[in-house]
Structures are given as C-alpha cells and as structure tokens.
1. Give just the number: which of (1) touching a residue at least 60 places away in the same chain (Cβ under 8 Å); (2) out of contact with any strand residue (DSSP E or B) (no Cβ under 9 Å at 6 or more places or on another chain); (3) open to solvent by less than 10 Å² (accessible area, probe 1.4 Å) does residue A:62 not satisfy?
2. So in the range A:187-204, with the set limited to residues that are more than 16 Å from the chain's Cα centre (by Cα) and closer than 21 Å to residue A:24 by Cβ, which one is most open to solvent (accessible area, probe 1.4 Å)?
3. Let me confirm something: among A:171, A:238, A:151, which residue is part of a strand (DSSP E or B) and not assigned by the TED database to the domain that holds residue A:265?
4. If we keep just the residues of the range A:260-273 that are within 14 Å of residue A:218 (Cα to Cα) and free of Cβ contacts under 8 Å to residues at least 40 places away in the same chain, which is surrounded by the most Cβ atoms within 10 Å (Cβ to Cβ)?
5. Starting from the range B:212-224, take each residue that is outside the structural domain of residue B:54 (by the TED database) and at positive phi and list its partners that are open to solvent by less than 10 Å² (accessible area, probe 1.4 Å) and modelled with pLDDT of 95 or more, counting only C-beta distances under 8 angstrom and pairs at least six apart or across chains.
6. Which of the residues spanning the range B:99-139 are open to solvent by 40 Å² or more (accessible area, probe 1.4 Å), under 19 Å from residue B:40 (Cβ atoms) and not acidic (Asp, Glu)?
7. Checking the conditions here, which among A:230, A:257, A:180 is open to solvent by less than 10 Å² (accessible area, probe 1.4 Å) and either of a type in the set (Phe, Trp, Tyr) or farther than 20 Å from residue A:10 by Cβ (or both)?
8. Could you please give the count of residues in the range B:30-59 that are among the small types (Gly, Ala, Ser) and either open to solvent by 10 Å² or more (accessible area, probe 1.4 Å) or not assigned by the TED database to the domain that holds residue B:87 (or both)?
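The values are calculated or read from the model by the stated rules, or taken from the named source; none is laboratory data. On a predicted model such as this, the values are computed, not experimentally measured, just so you know. Please note: Cβ atoms are built from the backbone with ideal geometry, for glycine as well, and neighbour counts cover all protein chains shown. Heads up: the accessible areas ignore ligands, DNA and RNA and are worked out on the full protein's heavy atoms, side chains in. Shrake-Rupley method; radii C 1.70, N 1.55, O 1.52, S 1.80 Å.
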There are 2 protein chains.
Amino acid sequence: MTASQSPTRIVVLAGGVGGSRFVRGVRAAYPDARIDVIVNTADDITLHGLRVSPDLDTMMYALGGGIDDAKGWGRAEETWSIMAELKAYAVEPTWFALGDRDIATHLVRTQLIAAGARPTEITAALCTRWLGDEPVRLLPMTDDRVETHVVVADPEAPSGRRAMHFQEFWVRHHAEPEVLEVLQVGGESASASDEVLAAIGAAELILIGPSNPVVSIGPILATGGVRPALRAVTAPVVGVSGILGGAPVLGMADKLLPAIGVEVDAGAVGLHYGARSAGGLLDAWLVDSGDAAAAERLTAAGLPTLATPLLMTTPEDTARFIREGVGLAERADPAVVERAPASRSHQDPR
Amino acid sequence: MTASQSPTRIVVLAGGVGGSRFVRGVRAAYPDARIDVIVNTADDITLHGLRVSPDLDTMMYALGGGIDDAKGWGRAEETWSIMAELKAYAVEPTWFALGDRDIATHLVRTQLIAAGARPTEITAALCTRWLGDEPVRLLPMTDDRVETHVVVADPEAPSGRRAMHFQEFWVRHHAEPEVLEVLQVGGESASASDEVLAAIGAAELILIGPSNPVVSIGPILATGGVRPALRAVTAPVVGVSGILGGAPVLGMADKLLPAIGVEVDAGAVGLHYGARSAGGLLDAWLVDSGDAAAAERLTAAGLPTLATPLLMTTPEDTARFIREGVGLAERADPAVVERAPASRSHQDPR
C-alpha cells in the first residue's frame with residue numbers, strides 16, 4: 001500500500017455503539033475494501049437462557065439498517081411484550097431490556113450454540129440476513145467464552161467488595177459504584193479464532209476504533225494470539241481516541257480507566273496502547289482537535305499523533321479523520337509503505 | 001357424597017381448548033370445590049429450543065383470563081415480532097405460530113426445566129400468576145416426556161408411510177394426511193406424578209372432559225398408574241362426549257378415532273372408555289340430545305348414558321349437564337353414594 005493506493009483489506013477492532021459508527025466511517029473512507037471487524041464479545045451475557053452478544057448485535061443491526069437510530073442500540077420498530085410478561089411472572093432479571101425482535105436473534109444464536117456451532121459461524125449465519133453480499137464481515141474476537149466482570153466497592157459486603165457481570169454494573173447500576181478491579185472471566189484461556197488471526201495477517205490497514213479501551217478494545221487485545229498478531233503485521237495500525245477533552249464521547253470509560261491505572265485522557269490512552277517503536281501497537285494515534293497539547297507531547301515521545309476533529313457526526317466526518325490517520329502513519333514511518341503486504345501470502349504465519 | 005352434597009374435591013381429565021371451556025363449567029357447577037385438572041402433555045413440543053405445552057398453556061390462559069377469546073388459544077393482545085424475525089432469518093419451523101407473550105411463558109418453562117424443576121412444579125409456578133388463590137390446580141399428567149407422533153400415509157415415501165410429531169400433522173398439515181397409526185413416544189415408560197395419583201385418590205368426583213379421546217384423554221389414561229387409580233376410586237366417574245351427531249364440536253377427532261379402531265360416534269367413544277361394571281372407567285356417560293339413540297343403546301348395554309344438550313356455550317350451560325351427569329351416576333348406582341370417600345384418608349393407597 002502506498003499513500004496513493006487504498007487498502008483492499010482492512011481490519012477494525014471495535015465494541016458496539018461507537019464501534020458501529022466508526023465502521024460506517026471506514027466503509028465511507030474505503031468503499032472498495034473488504035472490512036473484517038473484530039468485535040468484542042466480553043460483554044456477552046446469558047439472560048433467561050438466551051445468549052446475548054450486545055456488541056455483535058449492535059454492530060450487525062447498525063450496519064444492516066435494523067438499529068434503533070435514536071437509541072443507538074436495539075432494534076428499530078421494537079416491541080416489548082416479553083419483558084412485560086417476564087415482569088408479570090416476577091422472573092428476574094428485568095434490568096436488562098430485551099426487545100422481542102432482539103430476542104429472536106438471541107433465540108437463533110442460543111439454538112445454534114446448542115447445536116455445536118462456533119460463535120464465528122453463528123455470527124456469519126446471522127449476518128447473511130443483515131449484511132448480505134456487503135464486503136463487511138463481523139468476527140467475534142474469540143469462539144471461547146469470556147465475560148467481563150467488575151469488582152466494585154460495596155460498604156455493605158463483609159469484604160467491602162462485590163463482583164458482578166459488567167452488564168449488571170453498566171446497565172443495572174448505571175456505572176455508579178466505584179470500580180476496584182476489572183476481570184476477564186475466562187480470558188486467560190481464550191484464544192483468537194483462526195478467522196481473526198487470518199484477517200489480521202492479511203490486512204493492509206488495521207484500525208483500533210474509539211471504543212472503550214477497558215471493556216471493548218481491552219478484551220480483544222487480551223485474547224490469546226491477538227497482540228502478537230498485531231505486532232507481527234507490516235500494515236499500519238492506526239488508533240482513534242474515544243476520550244475527547246478528558247471525557248468519553250459515548251459510554252462511561254471514565255469510570256473504568258482509573259481501575260486499570262490509566263488517566264481519563266486521550267494522550268494516556270494512546271500511551272496505554274503504545275507506539276510500535278516502543279514495543280506497543282500503534283503506528284499513529286488520533287486525538288480530538290481539543291487535545292492538541294497531548295498530540296504534541298505524544299509525537300515528541302515517539303507516538304505520531306494528530307489532533308483533528310473526531311466527532312463521528314456523519315460517516316463522511318469519520319472517513320475524513322480515518323484517512324488523515326492513515327496518512328499520518330505513512331508519513332511518520334515511510335517503512336509502512338515499504339512493508340506493505342501486497343506480495344505477502346495470506347498464509348504467512350507472522 | 002350424596003346427591004344433596006356437593007363434591008369438595010373434583011378431578012378433571014382434559015386437553016386444551018375444549019378442556020378449558022369444560023373446566024369453566026365445572027367451576028360454575030361446584031364453585032366451592034377444589035378442582036385438580038389433569039392435563040394432557042403429549043402435545044408438548046420443543047420449538048426453537050423452547051419447551052411448549054399447548055394444552056397446559058391454553059388451560060392456564062383460559063382460566064386465568066389471559067386467553068385470546070376469539071381464537072380460543074394463545075394470548076390476548078398478542079404481538080408477533082419474534083415469528084416475523086425468525087422468518088426474516090429463514091429459521092424453520094415457522095408453521096407453529098408462537099406469539100411474543102406466549103414465548104415468555106415458554107422461556108420461563110424452558111429455564112425452569114434446565115434448572116431441574118419438574119413440569120408439575122413449573123406449572124404450579126406459572127399458575128401462581130394466572131390462578132393465584134383460586135381453588136383450581138393444573139397438573140401435567142406426568143413429569144416424564146411423552147410426545148404423540150402420528151404415522152401418516154405418504155405415497156412419496158419409500159415405505160408409503162411417514163411419522164411426524166402430532167403438532168406437525170395437526171398444525172402444519174391441518175390433519176389432512178390419512179392417519180395410519182398414533183404413537184405415544186415415551187409413553188411406555190411414563191408414569192403419573194405423585195400429585196396426579198394423590199388427586200385421583202382424594203377425589204369425590206372424577207370428570208372426563210369432552211377432549212379428544214385419542215390425543216388428549218388417551219395419553220392421560222395411558223400414563224402409568226392413571227387407569228388403575230381411576231378404577232380403584234369409589235368416587236363417581238362421569239364422562240362427556242366431544243363427538244356430537246357423529247362429528248367433533250372442536251378439533252379433528254374424526255381424523256384420529258379411525259386410526260385406533262373407534263367409530264366417530266358418541267356411543268362408540270363411551271364404549272371405548274367402557275362401563276365400570278364391565279371393567280371400564282365410566283359410571284355415567286353424557287351424549288348430546290341429538291344422540292338419544294346411542295344413549296338408549298349404551299344404557300341397555302350397561303353404561304348409564306344420558307342424552308342432553310352438550311354445547312358449552314356458557315359456563316352455566318356446561319354446569320347444567322355436568323350436574324345432570326353426576327345425578328345419573330348416583331341414580332344408576334346408589335353404591336356410588338355409599339362408597340363416598342368422605343371418611344377415607346387421602347393417603348389411602350387405592
């Protein structure tokens with residue numbers, strides 16, 4: 001790939017709501033590219049016997065035109081009969097709102113899991129409906145089960161601490177309790193699927209979306225095989241900050257970053273991912289124009305960083321800053337162009 | 001129990017749609033009695049991973065005021081989002097219509113089965129919502145899994161025969177194929193629950209509802225322990241024909257009776273259940289006023305039979321003929337009164 005060539009294969013690492021907006025921007029920036037989106041599945045949860053994959057579903061509905069645009073998650077034209085009935089039966093939990101149309105997706109997924117299919121295969125089957133022949137593929141970060149749990153301060157617990165599923169913290173408790181620790185249950189033994197590793201190996205551009213660094217991007221990077229695969233690629237790796245002016249645009253990353261010892265700051269998150277030259281992942285990092293001071297500081301410290309408006313108001317806005325980030329990676333390290341994998345086999349084990 | 005005394009404990013054997021109308025009549029006839037309804041579960045089916053118990057649910061919704069009165073089954077104010085989604089995902093089967101509210105019941109049941117609860121316990125839990133403190137209890141005929149399958153003529157099959165779940169025959173194929181055989185899969189090893197046997201033992205009146213003799217009442221009677229328990233009771237056993245003038249009022253019993261060698265005739269069904277005096281179950285049998293000839297014939301043959309209007313237009317209509325049937329049983333065999341179990345312990349193992 002050169003500055004004048006568009007990448008034909010792109011990998012995006014992403015969570016749900018912000019991630020799906022980001023991918024729409026990637027589509028707009030490179031309409032001819034095949035895009036593999038590696039999606040966080042550590043938010044997954046089993047509710048009422050149904051396996052729910054919030055980030056995959058948000059991504060699928062958003063890219064497939066089935067999302068509730070006003071909420072940014074869940075299905076358009078949703079009905080809520082089942083939740084009303086579960087409440088009438090006094091069946092818990094009811095704090096996680098599952099719409100009827102959404103539940104159909106979970107029924108299909110749960111059935112396919114019971115039939116022995118891998119999440120990667122199930123996602124492909126569901127996406128047949130939503131993405132059809134579009135050159136976008138959603139890949140669960142792993143076929144293994146990983147769940148983010150958080151340990152929060154609880155003065156009423158004997159130990160002063162209480163563990164709960166991330167969704168319980170996020171949805172039920174509105175991220176209000178103080179987070180002492182973030183755990184990836186099952187994370188130690190989870191490994192990336194062959195599809196994920198092959199996609200990374202074949203990519204000509206890798207984008208780390210502005211999703212939550214702790215509970216969306218973090219679990220993807222922690223999945224066995226992902227970080228070595230990213231460090232082995234010759235394709236440029238460009239990251240985008242979801243923290244703008246010291247606060248997340250979407251979600252509540254500010255509640256979670258302190259628990260992993262990272263400041264709620266675009267520069268701090270960039271250094272958390274790290275410059276490739278310093279053993280990290282990034283060839284370039286994008287921060288919002290309001291964080292220009294951080295950009296100068298990081299660039300001086302060896303992580304090429306550009307301050308540019310990051311609000312994803314339209315796919316075209318997003319496409320602009322993505323192209324800027326790719327340009328930065330190429331200018332910052334001309335070797336990125338030299339290392340382009342155009343002649344490299346997709347089977348290359350690096 | 002005497003003719004002037006009302007039974008305080010009644011057992012009803014019943015299927016779904018007709019059965020629930022019948023039970024409403026029993027409630028009207030004996031408002032102070034405790035009613036245990038032994039419900040057919042051989043219509044049960046697993047669809048999309050959900051365990052569906054059509055007869056139990058119809059009974060529950062009907063008695064609890066949640067039924068779609070126009071259809072006679074399913075939930076009032078139902079929505080159909082999930083079926084629409086399953087069709088959009090091209091997931092089969094879609095011939096069995098599952099409403100969203102109804103699916104909530106199946107989700108709760110399926111979860112409780114997975115948690116190890118018995119169908120009897122699950123039904124009690126669901127009925128907490130629907131029946132509250134009403135003195136009506138629904139008892140699945142067994143906690144074991146029994147499914148009615150039918151073998152139909154299929155000229156395209158190499159053997160000329162094809163087996164399918166009863167619901168597939170009934171709902172998908174509208175009972176159109178010729179039925180060669182009716183099978184109770186799992187029936188050989190199914191046994192009645194302790195609750196069913198205790199209810200029969202404690203009953204002061206037993207009513208066999210006008211439900212389908214082959215696929216509703218038949219599986220109940222075939223459940224291990226039920227027939228001996230019914231033959232051991234001293235309480236009168238009164239049956240009601242669902243065949244009026246040579247045709248079923250509801251459903252398609254006429255498609256199934258020939259497969260078990262029984263004529264589609266109120267008299268033939270009465271003789272199929274049999275007079276207690278001849279080793280059968282019935283102390284009295286009710287046929288419609290249009291079947292007066294059959295009534296005379298059966299009475300002469302030793303099965304006390306009354307011809308009376310059987311249409312269950314209102315619960316009061318139903319209550320009237322139920323009381324007539326009980327009166328007939330008492331008049332026909334004064335020993336029924338003598339044998340009344342008022343002083344008999346409920347633990348009596350008979």
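1. (1)
2. So, considering only residues that are more than 16 Å from the chain's Cα centre (by Cα) and closer than 21 Å to residue A:24 by Cβ, the one most open to solvent (accessible area, probe 1.4 Å) is A:204.
3. Working: A:171 fails: part of a strand (DSSP E or B); A:238 fails: not assigned by the TED database to the domain that holds residue A:265.
Testing whether each residue is part of a strand (DSSP E or B) and not assigned by the TED database to the domain that holds residue A:265 leaves just A:151.
4. Taking the range A:260-273 first, the residues within 14 Å of residue A:218 (Cα to Cα) are A:260-262, A:269-273.
Still in the running and free of Cβ contacts under 8 Å to residues at least 40 places away in the same chain: A:261, A:270-271.
Details: A:261: 8, A:270: 30, A:271: 22.
So, considering only residues that are within 14 Å of residue A:218 (Cα to Cα) and free of Cβ contacts under 8 Å to residues at least 40 places away in the same chain, the one surrounded by the most Cβ atoms within 10 Å (Cβ to Cβ) is A:270.
5. Short answer, once both residue conditions are applied: none.
6. We begin by selecting, within the range B:99-139, every residue open to solvent by 40 Å² or more (accessible area, probe 1.4 Å); these are B:101, B:111-116, B:118-119, B:121, B:124-125, B:128-129, B:132-135, B:137.
Imposing the further condition that a residue be under 19 Å from residue B:40 (Cβ atoms) reduces the set to B:113, B:118-119, B:121, B:124, B:137.
Across the range B:99-139, the qualifying residues are B:113, B:118, B:119, B:124, B:137.
7. Numbers: A:230 fails: either of a type in the set (Phe, Trp, Tyr) or farther than 20 Å from residue A:10 by Cβ (or both); A:180 fails: open to solvent by less than 10 Å² (accessible area, probe 1.4 Å).
Answer to the check: A:257.
8. Within the range B:30-59, the subset among the small types (Gly, Ala, Ser) is B:33, B:42, B:49, B:53.
Within this subset, residues satisfying the condition of being either open to solvent by 10 Å² or more (accessible area, probe 1.4 Å) or not assigned by the TED database to the domain that holds residue B:87 (or both) are B:49.
Counting residues in the range B:30-59 that are among the small types (Gly, Ala, Ser) and either open to solvent by 10 Å² or more (accessible area, probe 1.4 Å) or not assigned by the TED database to the domain that holds residue B:87 (or both) gives 1.
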